[in-house]
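Notes follow once the structure below has been shown.
Laboratory data are not the source of any read-out in this text; all were calculated from the coordinates shown. As the structure is a prediction and not an experimental result, all values here were calculated from the model. For neighbour counting, all protein chains shown are included, and Cβ atoms are generated from backbone atoms with ideal geometry for every residue, glycine included.
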Amino acid sequence: MSKFRETVLDIDLKAVTHNFNFITSKLQENTKLLAVVKAFAYGSDAQEVAKHLERLNVDYFAVAYAHEGVALRKAGVTTSILVLHSQPINFKLLIEYCLEPSIYSMRVLNEFITITTKEKQKNYPVHIKFNTGLNRLGFNVNDSNEIAATLESTENIKVASIFSHLAASEAKEEKLFTLQQIEAFKKVAIALKNKLNYNPILHLCNTSGILNYPEAHFDMVRSGIGLYGFGNNSEIDKNLKPISTLKTCISQIHSLKKGDSLGYNRAFIANKDTKTATLPIGHADGINRAFGNKKGFVFINNKKAYIIGNVCMDMIMVDVTDINCQEGDEVIIFDANYNANTLAESVNSISYELLTSVSQRIKRTFYL
Ligand SMILES: *Cc1c(COP(=O)(O)O)cnc(C)c1O
């Protein structure tokens, strides 16, 4: 009988160090590294991972929303934190916790200046984001004169960085588009920088950008998925280590006779005598219903077992007819070998989505 009897997400902080060192090895000596720890550090644990990265002397953190930054501050993280998707409703909170907003439109810029006046702030660090082709968040590249004029009119804020985000840094077939984004960013960032009498940090690349466009690292790069062990490319993945293992155990084994059904709506009907294992993990834990009905799989004693029937909220059932196993045996959903990207691909998804789906209900354990 194995030692644990519940579902856990094991997080290997040594693997974080390994990935951090690999990414750092791709940078010039003076290039800063910002670690993206949004969405619970891609479904792992933002506090523990950020504190570990802080021990490795990471230069900056980024989260998507202000509340994620507040949680890091409450956990004792002192490194600068960029809030990528800042929202005026949280500006007061953001200032209270020394979080630095991405400013992506005139509306957001003016709202932030108003609140910094109320809160009596001087030189509060902000990050000016330009849209260079993703068309998601960001000032138009033609806005730089208006931004500069607004910045000149106030001492409340100071531009800590100017940045943009690549749309297709992992796609070789979009190289031309990416090179255009790099040029557009270079042009607008330098134009704005020349209007300031100080030197903000310029940054553009995410993980795939770091690896595929070394000429576009500027002063800092932003890595998320790479730190968690994935590089959007099987060659690069060989150099990285997935940091998390999602594992569970067999709660019960059933023997179905030919013709028996299993699970909700009788989605599985045994066409022969079938041995099934019930596992304590379901769609509320991040196993999307799309994995049901033999799309997704787990590993038991190093053998692949397909998920059969519909995924339930708290459980899945897998076919173990040809697997020598018993109740209590360990089950791997994904780990460094059976990686999350392969499982995600079985339902046309990506590592990012599966990792960030692992619910907060699942206990996290850490090892160094
Ligand atoms: C999420 C995010 C990143 C991190 O991207 P990875 O592909 O995970 O390295 C970087 N920059 C921005 C603006 C993001 O939203």
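Taking the Cβ of Lys32 as the centre, find all other residues whose Cβ is under 11 Å away and add up their charges (Lys, Arg: +1; Asp, Glu: -1).
Details: positive: Arg222; negative: Glu29, Asp59, Asp219.
After counting each charged neighbour, the total is -2.
Answer with one residue from Tyr264, Gly286, Ile308: the one whose Cα lies farthest towards the positive end of the charge dipole of the chain, charges on Cβ with Lys, Arg +1 and Asp, Glu -1. Checking the options against the dipole of the chain, the answer is Tyr264. Taking label points 7 Å from Cα along the Cα-to-Cβ direction, Thr79 and Glu215 give a separation of 3.0 nm.
Taking 0.36 nm per residue of sequence separation and subtracting the Cα-Cα distance, how much length would be gained by fully extending the chain between Ile253 and Tyr367, in nm to one decimal? Don't jump to the answer; show the numbers that get you there.
On the way: separation 114, 0.36 × 114 = 41.04 nm, distance 3.10 nm.
Stretched out fully, the Ile253 to Tyr367 stretch lengthens by 37.9 nm.
Using a/c under 1.5 as the rounded threshold, could you call segment 1-113 rounded, prolate or oblate? The axes a ≥ b ≥ c are square roots of the C-alpha gyration tensor eigenvalues, and prolate needs a/b larger than b/c, oblate otherwise. Oblate, because a/c is 1.5 or more while a/b does not exceed b/c.
Listed by chain and number, the lysines placed with their C-alpha closer than 26 angstrom to that of Lys257 are Lys272, Lys275, Lys294, Lys295, Lys303, Lys304; residues fewer than eight positions away on the same chain are left out.
Quick query: amide H of Phe334 versus all other amide H atoms, modeled in the peptide plane; which residues come in under 5 Å with a sequence gap of 5 or more or a different chain? So Phe334 has HN proximity to Leu246.
Remark: the chain carries a charge dipole of roughly 300 debye about the Cα centre, counting +1 on each Lys and Arg Cβ and -1 on each Asp and Glu Cβ. Count Lys and Arg as plus one, Asp and Glu as minus one, and take only other residues whose Cβ is under 15 Å from that of Ser255; the net charge is then -1.
How much mean residue ellipticity at 222 nm does the chain get from its helices, if each DSSP H run of length 4 or more adds -39500 (n - 2.57) and you divide by all residues, to the nearest 500 deg cm²/dmol?
Working: 12 runs with 110 residues, N = 368.
Mean residue ellipticity, 222 nm, calculated: -8500 deg cm²/dmol.
Computed about the Cα centre, the dipole magnitude for segment 244-367 is approximately 220 debye when only Lys and Arg (+1) and Asp and Glu (-1) carry charge, each at its Cβ.
Can you give the net charge of the other residues whose Cβ lies under 10 Å from the Cβ of Asp335, counting K and R as +1 and D and E as -1? Taking every other residue near Asp335 into account, the sum is -1.
Could you tell me whether segment 31-228 comes out rounded, prolate or oblate from its Cα gyration tensor? Rule is a ≥ b ≥ c as square roots of the eigenvalues, rounded for a/c under 1.5, then prolate if a/b exceeds b/c, otherwise oblate. Oblate, because a/c is 1.5 or more while a/b does not exceed b/c.
Taking a threshold of 23 Å on the Cα-Cα distance, which of the pairs Lys14/Lys363; Lys158/Lys193; Lys51/Lys241; Lys241/Lys363; Lys129/Lys241 fall above it? Present the calculation step by step, with values, prior to reporting the outcome.
On the way: Lys14/Lys363 19 Å; Lys158/Lys193 12 Å; Lys51/Lys241 19 Å; Lys241/Lys363 21 Å; Lys129/Lys241 31 Å.
Exceeds cut-off: Lys129/Lys241.
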